[in-house]
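Here, each number is a calculation from the coordinates, and none is a lab measurement. As the structure is a computational prediction, the values presented were derived from the model and not from experiment. FYI the Cβ positions are ideal-geometry reconstructions off the backbone, even for glycines, and counts take in every protein chain you see.
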């Protein structure tokens, strides 16, 4: 993608380079997570796409400001040991100075939504139109956006050509955190994989009509907020403010690869909900008490196979499907920072010692199921104790706990 919101760029950087990152900038205009920014390609990024904006000047103001103060006009996402991601605003002279670049040449990163907005209940799934969110089944609904014509065409081509295929997990999962070596668990994983391959090959799929819009603002700490200190910090300092303010609808929706990713999740969710099988069912909500932080979070695994929870994650490709050296390191990073932690949290709220992680390639249609335990929990608990002791955020954490207790 060439342009996206700051929040989407941060998510991209976390998934592809490092989750332990920060954003610094040297621009005059005010920016926030919803500001659309354009990527500037530098030599470390490799070969730039045909229409990409390139940057060949200095990244930092001076040699003593590396990682602190960028050169004028830049927004930089940076992390220790990783190449920085350079961004700038759509009005930036850095773009206007590029020879041959005119307004309208780049693909749009988002589109405006028409009113009234579309919503869906988190519990019963009922969809309704409204200018603002309305409590449904005692919970705030999720906002939906219609899938764009371009993305619909992408799905039509994808579904016409795809061949869903189960592959054994060992060549992919070897050495990853929490993967268990157990013959019985492997047997169940293989049985689930072959069963799902048959189901996906026989079911008639069509491009999704809608997808859920991600809203980083929340009134309750989520499972995802406990996986990463950076995410936790961003939420805990604002959550009291968000709880005391009205939830406003988003007036735009992403396009391009971001939309495809969200729509792919919608495709799988709707497919899984309609599976007719005695062995497969939708997942059940679980609650986890985090004693270190004094908070409770909830989450719902996507599926259940023979009573065993199954969590789904999609990725572009498996490392062994492409001849790119960095794909294995990217996969291992995602596993350690995301997959293993989410499984560990779900297991704390249930009665199982392990569960299945379903990984699906968005390009090949290959998928695998991996038996994973809660080995990641030891490091997470150590991290939570450090977070709780951090004086910068302990006050905000206490304030959040007080607000929750007043609800009960």
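How many angstrom lie between the Cα centre of the stretch 328-354 and the Cα centre of the stretch 163-205?
16
Using Cα-Cα distances under 8 Å and only pairs 6 or more residues apart, what relative contact order does the chain have, in percent?
Relative contact order here is 16 percent.
On a full-extension model of 0.36 nm per residue, what is the gain between residue 83 and residue 137, subtracting their alpha-carbon distance, rounded to one decimal in nm?
14.9 nm
Sort 195-201, 224-230, 82-88 for me by packing, meaning the mean count of neighbouring Cβ atoms within 10 Å per residue, highest on top.
Order by mean packing, descending: 82-88, 224-230, 195-201.
Please compute the length gained on full extension between residue 274 and residue 321, using 0.36 nm multiplied by the number of residues separating them and subtracting their Cα-Cα distance.
Additional length available on full extension: 13.9 nm.
Tell me whether the chain comes out rounded, prolate or oblate; compute the Cα gyration tensor, take square roots of the eigenvalues as a ≥ b ≥ c, and use a/c under 1.5 as the rounded threshold.
Rounded is the answer for the chain, as its axis ratio a/c remains below 1.5.
Which of rounded, prolate, oblate describes the stretch 232-322, given a ≥ b ≥ c as roots of the alpha-carbon gyration tensor eigenvalues and a/c under 1.5 marking rounded, otherwise prolate only if a/b is larger than b/c?
oblate
Rounded, prolate or oblate, given the Cα gyration tensor of the stretch 3-107, with a/c below 1.5 counting as rounded?
Since a/c stays below 1.5, the shape of the stretch 3-107 is classed as rounded.
Once both labels are modelled 7 Å past Cα along the beta-carbon direction, what's the residue 181-residue 285 spacing in nm?
4.0
Given labels modelled 7 Å from the Cα in the Cβ direction, how far is it in nm from residue 238 to residue 1?
Simple spin-label model gives 1.6 nm for this pair.
Going by Cα centres, the stretch 42-89 and the stretch 113-128 are how many Å apart?
Taking the Cα centre of the stretch 113-128 as reference, the centre of the stretch 42-89 is 39 Å away.
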